[in-house]
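Quick note: the coordinates plus some simple rules give every number you see, no bench work behind them. Every value quoted in this text rests on a predicted model; they were computed, and no experiment measured them. Backbone-built Cβ (ideal geometry, glycine too); neighbour counts: all protein chains shown.
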Amino acid sequence: MFFRRKKQEELENLIHLLEMDMGNNYKDEAQRTFKKLEEKYNKLEQAGKLDTKQKYYYSAVLMRFAAKLQGYSHKDQKPDF
């Protein structure tokens, strides 16, 4: 028997949406979704709704996306012509 980690559905939905935004090159929308993800994580953490493993997992996910989204916007994009 194995145990599956409990996941926060709201956070998982935002992660999925963020991955879709990035996959479709929706840079501004990806930035907005990331902010929503950070806010939701902070609210759940402050409310005590995340256990230690969830905090570790989702904080790592946030750090990974923060690194990917550094400079990820249309305003920073240079024209190729």
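How long is the gain from K7 to K49 if the chain were fully straight, where each residue apart is worth 0.36 nm and the alpha carbon distance is subtracted? Mind dumping the intermediate values first?
Working: separation 42, 0.36 × 42 = 15.12 nm, distance 1.10 nm.
Difference between extended and current length: 14.0 nm.
Per-residue counts of other Cβ atoms within 10 Å, averaged by peptide: what ranking do you get for 13-26, 46-59, highest first? Could you put the intermediate results ahead of the total?
Numbers: 13-26: 14.9, 46-59: 12.4.
Averaged packing, sorted descending, gives the order 13-26, 46-59.
Over 19 Å between C-alpha atoms is what I'm after, so list which of K35/K68; K27/K53; K27/K55 land there.
Details: K35/K68 14 Å; K27/K53 30 Å; K27/K55 26 Å.
Going by Cα-Cα distance, K27/K53; K27/K55 fall outside the 19 Å limit.
Stretch K36-N24 to full length: gain in nm at 0.36 nm per residue minus the Cα-Cα span? Display every interim value, and only then the final one.
Working: separation 12, 0.36 × 12 = 4.32 nm, distance 1.84 nm.
Result: 2.5 nm gained on full extension.
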